[in-house]
Amino acid sequence: MTAATTTYVRRGAGHWLAGLKAMLRWHLTSLRLVLPVMVAVQLLTASGLSIGMSLFYADVDARTGLFLGTGAAIVTLVLVGLVVAPQLVAGEKEAGTYDFTASLPVPRSASVVGWVAVSAIISLPAAVIALAISGWRFDLTFDVSWAVAPAVGLVVVCGTLIGYAVAHGIERPTVTQLLSQVFAFLVIGFTPITYPPENLPGWLASVHEVLPFYHMGVILRGALTQGLVTDVSGSYLVVAAWTVLAGVVTAIAMGRRR
């Protein structure tokens, strides 16, 4: 009599969804000690950008207030995936746990999607608070359209994948950590997100035409306001192109780990 054997096949939608659920638990459990700090930092960033940056202006009119308010929301949506994720991955490399995490028996795409979801969970409340604070502070009225859902989703995915591409594509953790800090300063200070592009020198404004961060601001601002931005479709194409590029780089970099 021959004993029956069962072979578990690691493929298909069921396996992928189980892997996504497992990685969501893994990411959230790994962050349990720092999650309250991350949430607090996000809330401080939201309020600081909404109110603190208004102190640079002698008079905040409606247009300036909309840029500050929506800009604060955009920055909070981007920072977790763009800055925090590379630092966490660099920390795993320094601690020697990176290869263990990569060896977990789940699809790596599920791990990436899991971190995108965690980024959204952390950043979305802060973005809403940024809009609420700026609306109260500057007496603003936002015109929220159906496009807010795809705009927010694309911004979070693009920012997270760029951060993951840097984190997994660069071997040296110190370089990754340095670049993540550069990203933070670039997005907050030198990208026309909280202010209009005409405030920049012409050459720097032209550079941002091919980078994704300014266009992230355009698509989200287009979903929250009327008449403040134009050519939203072109910005969607730029952000989508960067999302695909970052996704390909992330897949190649993570695929090297067997």
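The values are calculated or read from the model by the stated rules, or taken from the named source; none is laboratory data. As the structure is a computational prediction, the values presented were derived from the model and not from experiment. Positions of Cβ are generated from backbone atoms using ideal geometry, with glycine treated the same way; all protein chains shown enter the neighbour counts.
For a quick check of your reading of the model, give me the residue pairs whose first member lies in the stretch 116-127 and is crowded, with 24+ Cβ neighbours inside 10 Å, whose second is of a type in the set (S, T, Y), with beta-carbon atoms closer than 6 Å and at least 6 apart or on different chains.
Sorted first by the residue in the stretch 116-127, then by its partner, the pairs are S119/T160; S123/T76; A126/T76; A127/T76.
Considering the stretch 43-63 alone, what residues qualify as being surrounded by fewer than 24 Cβ atoms within 10 Å (Cβ to Cβ) and in contact (Cβ under 8 Å) with a residue 60 or more places away in the chain?
First pass over the stretch 43-63, keeping only residues surrounded by fewer than 24 Cβ atoms within 10 Å (Cβ to Cβ): 43-45, 47-48, 51-63.
Those that are surrounded by fewer than 24 Cβ atoms within 10 Å (Cβ to Cβ) and in contact (Cβ under 8 Å) with a residue 60 or more places away in the chain: L43, T45, S47, I51, M53, S54, V60, A62, R63.
With respect to F100, is the statement that it is out of contact with any Ser or Thr (no Cβ under 6 Å at 6 or more places or on another chain) and in contact (Cβ under 8 Å) with a residue 60 or more places away in the chain true?
Details: out of contact with any Ser or Thr (no Cβ under 6 Å at 6 or more places or on another chain): yes; in contact (Cβ under 8 Å) with a residue 60 or more places away in the chain: no.
When the stated conditions are applied, F100 does not pass them.
Of these, G153, G135, which one is within 15 Å of V239 (Cα to Cα) and either at pLDDT below 90 or in a helix (DSSP H, G or I) (or both)? Write out each step before concluding.
Numbers: G135 fails: within 15 Å of V239 (Cα to Cα).
Criteria check complete, one pass: G153.
Just one of the numbered conditions (1) within 22 Å of V118 (Cβ to Cβ); (2) touching a residue at least 40 places away in the same chain (Cβ under 8 Å) is not true of A40; which one?
Status for A40: all satisfied but (2).
Being at pLDDT 90 or above and closer than 29 Å to L55 by Cβ narrows it down to one of P201, P196, so name that one. Walk me through it before giving the result.
Working: P196 fails: at pLDDT 90 or above.
None of the other options fit; the residue is P201.
Of everything in the stretch 164-181, what is assigned to a helix (DSSP H, G or I), surrounded by 15 or more Cβ atoms within 10 Å (Cβ to Cβ) and hydrophobic (A, V, I, L, M, F, W, C)? Give them in sequence order. Walk me through it before giving the result.
Looking only at the stretch 164-181, we keep the residues that are assigned to a helix (DSSP H, G or I), and these are 164-169, 173-181.
Then drop every residue that is not surrounded by 15 or more Cβ atoms within 10 Å (Cβ to Cβ), which leaves 164-169, 173, 176-177, 179-180.
Scanning the stretch 164-181 gives A165, V166, A167, L179.
Any idea which of A223, A205 is in contact (Cβ under 8 Å) with a residue 12 or more places away in the chain, surrounded by fewer than 17 Cβ atoms within 10 Å (Cβ to Cβ), under 28 Å from S134 (Cβ atoms) and not charged (D, E, K, R)? Write out each step before concluding.
Values: A223 fails: surrounded by fewer than 17 Cβ atoms within 10 Å (Cβ to Cβ).
Going through A223, A205 in turn, the sole match is A205.
List the residue pairs whose Cβ atoms are under 6 Å apart, where the first residue sits in the stretch 145-170 and is more than 17 Å from V187 (Cβ to Cβ) and in contact (Cβ under 8 Å) with a residue 60 or more places away in the chain, the second is aromatic (F, W, Y) and surrounded by 24 or more Cβ atoms within 10 Å (Cβ to Cβ), and the two are 6 or more positions apart or on different chains.
none
Any idea how many residues of the stretch 65-104 are of a type in the set (S, T, Y) and either touching a helix residue (DSSP H, G or I) at 6+ places or on another chain (Cβ under 7 Å) or buried (at least 18 other Cβ atoms within 10 Å of the Cβ) (or both)? Before you say what the answer is, go through the steps one by one.
To start, the set of residues in the stretch 65-104 that are of a type in the set (S, T, Y) comprises 70, 76, 97-98, 101, 103.
Adding the requirement that they be either touching a helix residue (DSSP H, G or I) at 6+ places or on another chain (Cβ under 7 Å) or buried (at least 18 other Cβ atoms within 10 Å of the Cβ) (or both) leaves 70, 76, 98, 101.
The number of residues fulfilling the criteria is 4.
Would you mind listing the helices (runs of 4 or more DSSP H) fully within the stretch 182-258 where at least 3 residues are in contact with a Cys (Cβ under 7 Å, 6 or more places away or on another chain)? Explain how you work it out, then say what you get.
On the way: elements: 202-208, 212-224, 232-255.
Correct list: 232-255.
Given the conditions (1) more than 21 Å from the chain's Cα centre (by Cα); (2) at pLDDT below 85, report the number of the one that G65 does not fulfil.
(2)
Go through the stretch 205-251 and report how many residues are modelled with pLDDT of 90 or more and in contact with a Gly (Cβ under 7 Å, 6 or more places away or on another chain).
Adding up the residues that qualify gives 3.
Working only within the stretch 40-76, note down all residues that are polar (S, T, N, Q) and closer than 14 Å to P196 by Cβ. Steps first, please.
As a first pass, look at the stretch 40-76 and keep what is polar (S, T, N, Q): 42, 45, 47, 50, 54, 64, 70, 76.
T64, T70 - these are the residues of the stretch 40-76 that are polar (S, T, N, Q) and closer than 14 Å to P196 by Cβ.
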